[in-house]
Structure formats: structure tokens, C-alpha cells
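Data first, discussion second: the structure below is written as C-alpha cells.
The values are calculated or read from the model by the stated rules, or taken from the named source; none is laboratory data. The shown structure was predicted, so the numbers you read here are calculated from the model rather than taken from an experiment. Here the Cβ positions follow ideal geometry from the backbone for every residue, glycine too, while neighbour counts run over all protein chains shown.
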Amino acid sequence: MNQVEALVLGLGGMGSSALAALASRGIEVMGLDQEPRPHDRGSSHGGSRIIRRAYFEHPDYVPLLEDSFERWGRLERSTGASCLHRTGVLLVGPTDSSVLRASLASAEAHEVPVEWIGPDRMRHRFPQFASAPGWSGLLEPGGGFVDPEAGVRAHLEVARRAGSVIRRPVRVFSVDGDDSGAVVRTEEGEIRTNRLVIAAGAWSASLLGDRLGVPLVPHRKAMVWFDPIDPESCSPGRMPCWLVDDGDGAGCYYGVPAWPGQSSPAGVKVGFHGPGTVVDPDRPGEIPEEVVERFVEDLAVRLPGVLGRPVAARSCLYTMSPDEHFVIDRLPGRRSMVVVAGFSGHGYKFAPVVGEIAADLALDGGTSSMADFLGLDRFTGDGSV
Ligand SMILES: Cc1cc2nc3c(=O)[nH]c(=O)nc-3n(C[C@H](O)[C@H](O)[C@H](O)COP(=O)(O)OP(=O)(O)OC[C@H]3O[C@@H](n4cnc5c(N)ncnc54)[C@H](O)[C@@H]3O)c2cc1C
């Protein structure tokens, strides 16, 4: 049997960052993943993840986002990686759209620089989105996207340099523990550890079962890349990252401009932030043709004459928590085990700060980051988001 001071289960977006954070604090830490290398079967692939501070999901995320922007910069400087691309982020919708209004409220509460663009000016500034009369825009010039593949690689490099041990491919079958330590059963035998960080993404529910006390549900989501009709109008100088809210509460299409050097398929990447298809993460299946057809039809209405044919469609997994907010906490009655999960389709931008918080919780039992609102007690009525 092996014994390590700390162990990180899962080396995707969040686990690679937690491993880097623990190793950088001089802790003897091991990271495990079921895949031989960073991969496209979880949640942290596809070339881009939008990052913005004017956060409609909840204003309490904004301080974490400030920290995250800072840490992405530090990661780039320490590794030479190119992770953060500042294209700006444009939210588009009816003037009374809840997404625009809640984003504006977050921006005002935290003094995030944003620009409200009324319908008349939208037509001139961003003609790509000018289909619906009366629609406005909220532009956050400091936003953009992060490259998840580059981010995972950079965090793993920091972890390696700081002396962590990485073992992969190793499938973990089960985890158990109490307040003083945990045991991880793997296909290569048992490993005991004083502190365990579980960053298993869409596999979190199957590993934790009832011990979390809340369901975490894996959803398959589509990422579709389109050939732009006019490449110039879809380039980062002319097209920020965007999100279109129809105002019907059903979800939002979002997109990332075509950018030089993208590791994913070329073209404008589009996704739909809303409910997906519930799947087993070991057998997510392919994106059905009718989903791509729906994207083509819906986008022809929202960005008419902008996107040409779809060139690629790939799947990616959301892990939905009941209230669509993250779950970052120690497990009740098993305080040696920290879980970071349930990122509900909006977590990657926070990866550098989630890794630090996971390390804080694992080593100190608490964190100075303002992340209490993401704890498990909100589901038992002791805290609320
Ligand atoms: C289509 C799509 C669009 C998104 N857009 C955005 C966006 O614009 N902005 C944003 O901030 N976020 C976005 N997200 C969300 C973000 O990508 C995720 O929140 C984040 O990547 C989750 O990272 P993770 O570490 O939890 O999961 P993962 O990166 O999937 O990592 C989990 C790891 O655990 C390993 N693992 C699991 N079980 C085991 C086991 N039993 N044994 C060994 N290893 C195991 C897996 O192999 C995997 O490597 C999007 C997600 C998707 C799918």
C-alpha cells in the first residue's frame, strides 16, 4: 500500500490546478487520472472557455473572478503559456433580458468596467447581432476566453516542477475516509493519504454516491464550429466572445471568434448554455445530427448571414448541481476529503482560484477566499447562494 501526504483525484481543469497549488506549497502530493494524458472525454477541452467579470450567475463570484484573472496572468508569466485571450465579451438581448440586467447589476456592485450599447448603436458597432429590433448589448472589454488545454498543461507543468508525482492512467474505483485520512482504491491497489482532493468532474457522483448529500448530474453538451461567411467580421478584432439571451429563460447561445493558433477545429465556436442530455460519463455518445441542425437554424436567426456551414461538432460534459452553483467544500464527517465539483457549465475560468481554495481547505480546513457561498451547507438551509 502506498501512503502520501496529499492526493488529487482527477487532473482535468480543477485537479491540475489543485495539484499545482499543493505542490507549490511544498506538500508531498500525488495526482491520479484515468486517462494517460490530458484528454477530450471530460469537461476541459475544445480550445476556449469564456471569462468575464460582469457575472449574471451571482455577484458573489466577482471577487473570485478578480483573483482568477490575476492568477491566469501569473500562470502565463511563470510557464510562458498563452492561456488568456482578451477579446472582450458582449452580451446581447432584449433590453429587459435577465442576463443583461443581472450582469449589469454585478458590474455595478463591483465596479467592473462595462459599456451599455443601446439598439441604435448596436446596429453600427456589432452588425453581426443586429437582427432583432430593440436588442441591446453589454460589452465588457476586459473579458475574453481562456484556452483550457493550455491551462491544464501549464498547471501540470507547475505541479511537476514543484515535485509532485503524477500517475496515469490509473482508474480510481472508490474513495473513503474520515476526519483524519482517506483511502483511494485504484486498479493498481490502495493509496492512503492525509488529505484528498476529489476533482473528478462528471464522474464525481459515481465516486461519491450519497456522501455528498446532493445530486451532481452529468449532461452532454455540443460544441459546434462554423466556417464564417466573412472571416473578417468573425475575427477577434471585430467579434468579441458573445452570448445571446432571447429572454425566454430557455438558455443562451454563446460563441468565441475564430482565432489564429486555435488548437481545436478552426472557425467560430458556438455552444448553447442550457440543459443538455443526461449521460453516463463513460458512454457519452456522439452529438446527434439534429442537434447540429438546430444550431444552424437558430443561429441563422440570431446572427443572420454571419456563420456558414458547420465544420465540426464535439461533445463535452457539464456536471450540474441542483442550483447550478459550484460545490467546493470538505465532506461532512470526512473532513480529510475536499470536493470541487458541480461546476454546472461555467467553472473553467475559475480554475486557478479553485485549485488554491482546494489546497486551503485540504491543508487548513478553511480559506480566506470568499468562497463560503459555495459550501455544502447551503443545501441544508445553513447557508444560501
Ligand atoms: C461545452 C462546454 C462549454 C463550457 N463553457 C464554459 C465557459 O465558457 N466558461 C467557463 O468558465 N466554463 C465553461 N465550461 C465549464 C468548464 O469547462 C468546466 O466547469 C470545467 O472544465 C470542469 O473541470 P473539472 O476539473 O471539474 O472536470 P474535468 O476537466 O473533466 O476533470 C475531471 C478529471 O477527472 C478524471 N477522473 C474522473 N473520474 C476518475 C476516476 N474514477 N479515476 C481517475 N480519474 C478520474 C477524468 O479523467 C478527468 O480528467 C464549459 C463546459 C462545457 C462542457
Mind listing whichever residues of the range 355-376 are modelled with pLDDT of 95 or more and under 14 Å from R330 (Cβ atoms)?
I357, A358, A359, D360, L361, A362, L363, D364, L374, G375, L376
I'd like the full set of residues that are more than 30 Å from L207 (Cα to Cα), charged (D, E, K, R), within 16 Å of the ligand (Cβ to nearest atom) and not in a strand (DSSP E or B), limited to the range 257-297.
R294
Scanning the range 301-342 for residues that are surrounded by fewer than 16 Cβ atoms within 10 Å (Cβ to Cβ) and at pLDDT below 95 gives V301, P304, G305, P332, G333
Within the range 235-250, of all residues that are outside any strand (DSSP E or B) and modelled with pLDDT of 95 or more, the one nearest to the ligand (Cβ to nearest atom) is P240
Could we say that G137 is surrounded by 20 or more Cβ atoms within 10 Å (Cβ to Cβ) and closer than 25 Å to A313 by Cα here?
no
Are any of the residues in the range 199-209 part of a strand (DSSP E or B) and either at pLDDT 95 or above or away from the ligand (no atom under 14 Å from the Cβ) (or both)?
no
Given the criteria within 16 Å of the ligand (Cβ to nearest atom), buried (at least 23 other Cβ atoms within 10 Å of the Cβ) and under 28 Å from I328 (Cα atoms), does A150 qualify?
no
How many residues, within the range 54-112, are outside the structural domain of L138 (by TED's automatic domain parsing) and acidic (D, E)?
6
Expected single match for touching a residue at least 12 places away in the same chain (Cβ under 8 Å) and away from the ligand (no atom under 11 Å from the Cβ) among G375, G347 is G375
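Listed here are the residues, each with its yes/no results for (1) surrounded by 22 or more Cβ atoms within 10 Å (Cβ to Cβ); (2) within 13 Å of the chain's Cα centre (by Cα).
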site	(1), (2)
I27	no, no
G31	yes, no
Q34	no, no
S48	yes, yes
I51	yes, yes
F56	yes, no
D60	no, no
E66	no, no
Please go through the range 251-285 and pick out each residue that is under 15 Å from R302 (Cα atoms) and out of contact with any strand residue (DSSP E or B) (no Cβ under 6 Å at 6 or more places or on another chain).
none
What number of residues within the range 12-32 are charged (D, E, K, R) and out of contact with any strand residue (DSSP E or B) (no Cβ under 9 Å at 6 or more places or on another chain)?
1
Tally time: how many residues in the range 255-300 are surrounded by 15 or more Cβ atoms within 10 Å (Cβ to Cβ) and charged (D, E, K, R)?
2
I need a count of the residues in the range 164-182 that are under 28 Å from the mean Cα position of the chain (by Cα), more than 19 Å from L19 (Cβ to Cβ) and either of a type in the set (F, W, Y) or more than 9 Å from the ligand (Cβ to nearest atom) (or both).
2
